[in-house]
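Take a look at the structure set out below.
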Amino acid sequence: MLEVKGLQTSYGASQVLFGMDFSVGEGEVVTLMGRNGMGKTTTIKSVMGMIPSKAGEISFLGKPIRGWPSHRVARAGLGLVPEGRRIFPNLTVRENLVATAANRSSNAEPWDFDKVVELFPRLAERLDNWGNQLSGGEQQMLAIGRALLTNPRLLILDEATEGLAPLIRLEIWRCLEAVRARGQAILVIDKNLDHLLRIADRHFVVEKGQVVWNGTSAEFLAQPDLRTRYMGV
């Protein structure tokens, strides 16, 4: 579904990605793991066309998309839940959800408004509240719901539970498991290894702008040194 090969990205004279290689298959849950500052978010922004990459290949559903503007990438079927949520603060919850709703891929059982508020009952209680009146956890639920209502072929979450209270994190993971059960392909970045290892099919460990290891959860757990070498502070 998504294939990235040899991706290189810089911020001015400072190069961040040095040949990123990873892929996400149909219906898979895949993670990008690693310490802060290793290039995970830059990778997502490069894939989404939010920052220009200078070399490499990005293909989605068999089409090369490197160099496409963000709106075209989104319309192709990639739905992003960005770091920091970035909901519309001056729109209501209802308005945030329906503003970009679409079913461009003609999904036979699409995500719609009712399914999203069923997935996130907290949002159902706050439909007429402004975006900036929500808690951090509610804003994250809203950001996920908004992305789902675009009916993406691939859902991308950058820092899925960052800064959230423990009970809210558990609720977010529960919802992601429910989304996965519908066959949704997901690419996720997060620091909660235990949940990532439980929910994901494959993992790519990123160090200094490159993938230094990839494999399944069982393979990761069989190599305990990976956690200390690439995840520790």
> So how strong a dipole does region 1-66 carry about its Cα centre when Lys and Arg Cβ are +1 and Asp and Glu Cβ are -1, to the nearest 20 debye?
Replying inline: 280 debye
> Which whole-Hz couplings ³J(HN,Hα) result when phi for each residue of region 177-192 is put into the Karplus expression 6.51 cos²θ - 1.76 cosθ + 1.60, θ = phi - 60°, listed in order with x for Gly and Pro?
Replying inline: 5, 5, 5, 4, 4, 7, x, 6, 6, 9, 10, 9, 10, 6, 9, 7
> Say each of Lys191 and Leu221 gets a label point 7 Å from the Cα, pointing the same way as Cα to Cβ; how far apart are those two points in nm?
Replying inline: 2.4 nm
>> What are the ³J(HN,Hα) couplings of region 102-117, residue after residue, when phi is run through the Karplus curve with 6.51, -1.76, 1.60 and θ = phi - 60°? Round to Hz, x for glycine and proline.
In response: 6, 9, 5, 8, 6, 4, 5, 10, x, 5, 10, 4, 4, 5, 5, 6
> Can you give the convex hull volume per residue for the Cα atoms of the chain, as a whole number of Å³?
Replying inline: 121 Å³
> Non-local amide H neighbours of Leu80 (under 5 Å, H modeled in plane, Pro and chain starts lacking H): which ones?
Replying inline: Ile156
> Which residues' amide hydrogens lie under 5 Å from the amide hydrogen of Ala185, considering only partners 5 or more residues apart or on another chain, with H built in the peptide plane?
Replying inline: Gly27, Leu155
> Relative to the present Cα-Cα distance, how much length would full extension add between Arg35 and Leu167 at 0.36 nm per residue of separation?
Replying inline: 45.2 nm
> Total Lys pairs in the chain closer than 20 Å by alpha-carbon, pairs eight or more apart in sequence or interchain only?
Replying inline: 15
> In whole Hz, what ³J(HN,Hα) sequence does region 91-100 give by Karplus (6.51, -1.76, 1.60; θ = phi - 60°), x for Gly and Pro?
Replying inline: 10, 6, 4, 4, 5, 4, 6, 8, 4, 10
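Read the figures in this text as sums done on the coordinates, not as results from a lab. Note that this is a predicted model, so its numbers are computed, not measured. Ideal geometry is used to build each Cβ from the backbone, glycine not excepted, and the neighbour counts take in all protein chains shown.
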